[in-house]
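> Supplied in structure tokens, the structure appears directly below.
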Amino acid sequence: MLKKIKILVFLLGLLSANGNAQLENLKGVVIASGDVEGIHILNKSSVKYTVTDTDGSFQILAKAMDTLVFSGLRYELKEVFVTLKSLEEDNLRVNLEEKVTELDEVNVGRVLTGNIASDVGNIELKEKINFYDLGIPGYTGKPKTIQERKLYDANHGKMAAFYIIAGTVNINKLLNKISGRTKKLKAIVDLSESDKCMKRMKDFYSKTLFDKQELSDAQQTEYFYFCMDDSNFKEICERNDPTEVIPFLDKKLLAYKKNLNSKED
């Protein structure tokens with residue numbers, strides 16, 4: 001029994017020493033088949049973060065037993081455990097694998113039997129009519145959402161145009177502005193854009209953020225909507241700079257949990 005107690009005390013002392021260990025500047029390089037600039041690196045144990053340079057090199061504060069998370073749009077998420085050896089050698093090499101996108105099955109061709117009645121049903125004509133072929137001008141930009149189209153219809157054009165003899169007024173735009181419809185539609189479009197950005201942020205940061213948090217899926221979703229209510233959310237979300245996003249999310253998580261505890265009490 002005494003021997004077990006000594007072993008337990010030794011292990012607790014070892015963990016305590018590691019927890020109080022001083023962070024060191026760990027250098028390394030990311031290796032991949034594609035572009036290695038701007039790969040996000042998060043030390044989720046010590047809450048430090050950085051991004052790679054053009055050649056894939058990086059520096060990050062870390063200590064032994066920390067976990068580094070490497071992520072990029074083109075690459076699979078990878079976690080790396082920091083060892084004493086990697087700190088001593090100061091030359092951590094991390095290989096990333098490209099994400100594999102599964103393609104739909106390709107049908108090379110259809111078998112024709114020679115029977116016109118049955119072969120007609122096996123032939124698909126998918127050629128689309130191009131409006132330029134018909135001499136009709138068309139819109140080639142990013143398709144607008146329903147809310148964006150409504151806002152455009154309510155607010156496009158100049159409010160007034162003056163000519164030599166008389167002036168004309170854009171009645172549709174003027175009435176929408178006076179009635180408040182334009183303002184309401186702008187708020188709806190803004191909310192829709194913030195919601196899309198929030199969902200991208202949720203998909204990207206949830207795994208790291210809630211790794212050690214006991215929050216249900218519903219609470220996690222509620223937390224991100226709580227973040228979206230912040231007046232600075234949209235700008236921070238659109239910039240998507242980890243050095244700005246992560247501290248923001250951590251701060252909001254503390255506030256959300258505080259509110260959650262106060263509700264439970």
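The values are calculated or read from the model by the stated rules, or taken from the named source; none is laboratory data. Everything quoted here is computed from the prediction, not taken from an experiment. Cβ sites come from the backbone with ideal geometry, for glycine too, and all protein chains shown count toward neighbours.
> Please count how many residues of the range 75-98 are out of contact with any helix residue (DSSP H, G or I) (no Cβ under 9 Å at 6 or more places or on another chain) and under 20 Å from SER206 (Cβ atoms).
So the count comes out to 4.
> Let me ask something else. Out of the range 32-49, which residues are free of Cβ contacts under 8 Å to residues at least 60 places away in the same chain and under 19 Å from LEU249 (Cβ atoms)?
Once the filter is applied, which keeps residues that are free of Cβ contacts under 8 Å to residues at least 60 places away in the same chain and under 19 Å from LEU249 (Cβ atoms), the range 32-49 yields ILE41, ASN43, SER45, SER46, LYS48.
> Restricting to the range 211-242, and then to whatever is polar (S, T, N, Q) and out of contact with any Ser or Thr (no Cβ under 8 Å at 6 or more places or on another chain), can you tell me which residue is modelled with the lowest pLDDT?
Across the range 211-242, the extreme among qualifying residues is GLN213.
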